[in-house]
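So the structure is just underneath, and the comments pick up after that.
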């Protein structure tokens, strides 16, 4: 299955919630979910009774779309989370939060996860001084994520860096706006992950 390349606002409408897939636009009156808060398509406004399976599926789809990953990737994350100690659903979200593209987004160096993913792929970021262009790279405590030296002169990166100064990073990240870098100081707790997903429904879905 190829990555979805259609209008991302349809995905927010399908899930009935803001997924913040278009960055700053999602905070304006142009947001599609604010203007048309119903599912897309001919029957989007019809009333439908959702089954238990349907609720579980929607939560899984929502999480996949928020982090921008495919089904096989998502299942691999779930299996890895299931093997770890602790609550599987929370382990899953922690793994997704530790993706390099998500960390770049959380530090404010990308207006959306999609933009952050593209910047990582183009080699604009380093981890502990080494250039990394794999968005799914999992950072660990103590790692330092920074804008690559050569990329600091890019007009786009300069603009993002200026905007990042006004954005607060979550408590598990320590941002140095002057050095255009951030350090992972802890594994995020569930309270520090502001994603509106009922992860227990995802666990129930995969446990069928």
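Each value in this text was obtained by applying a stated rule to the coordinates, not by laboratory testing. Owing to the predicted nature of the structure, the values given are computational and were not obtained by experimental measurement. Cβ: placed from backbone, ideal geometry, glycine included. Neighbour counts: every protein chain shown.
If I stretch the segment between residue 144 and residue 208 completely, what's the gain in nm (0.36 nm per residue apart, minus their alpha carbon distance), one decimal?
Answer, rounded to one decimal: 19.1 nm.
Would you mind ranking 105, 74, 125 so that the residue whose beta carbon has the fewest other beta carbons within 10 Å leads the list? Mind showing how you got there, number by number?
Details: 105 23, 74 19, 125 29.
Ranking 105, 74, 125 by Cβ neighbours within 10 Å, fewest first, gives 74, 105, 125.
For the residues 190, 106, what sequence is obtained by ranking on other C-beta atoms within 10 Å, fewest first?
Numbers: 190 13, 106 24.
If I rank by nearby Cβ atoms, fewest first, I get 190, 106.
Modelled label-to-label distance, residue 196 and residue 128, 7 Å Cα→beta-carbon offset: nm?
3.8
Separation between the residue 118 and residue 61 pseudo-spin-labels, each 7 Å from Cα along Cα→Cβ, expressed in nm?
Using points 7 Å along Cα→Cβ, the separation is 2.5 nm.
How big, on average over all directions, is the shadow cast by the Cα convex hull of segment 99-184, in nm²? Don't jump to the answer; show the numbers that get you there.
Details: hull surface 18.4 nm².
For the Cα atoms of segment 99-184, the hull's average projected area reads 4.6 nm².
When a footprinting reagent is the concern and you count Cβ atoms within 10 Å, what order do 120, 144, 185 take, fewest first?
So the ranking, lowest neighbour count to highest, is 185, 144, 120.
If you average the alpha carbon positions of segment 189-208 and of segment 55-127, how far apart do those two centres end up, in angstrom?
A separation of 13 Å, based on Cα centres.
So, R0 is 30 Å and r is the distance between the beta-carbons of residue 187 and residue 152; what FRET efficiency does that work out to, to 0.05? Please report the intermediate quantities before stating the final value.
Details: r = 29 Å, r/R0 = 0.96.
Here the calculated transfer efficiency is 0.55.
Using 0.36 nm per residue of separation minus the Cα-Cα distance, give me the extension gain between residue 176 and residue 76 in nm, one decimal.
Working: separation 100, 0.36 × 100 = 36.00 nm, distance 3.27 nm.
Taking residue 176 through residue 76 to full extension adds about 32.7 nm, to one decimal.
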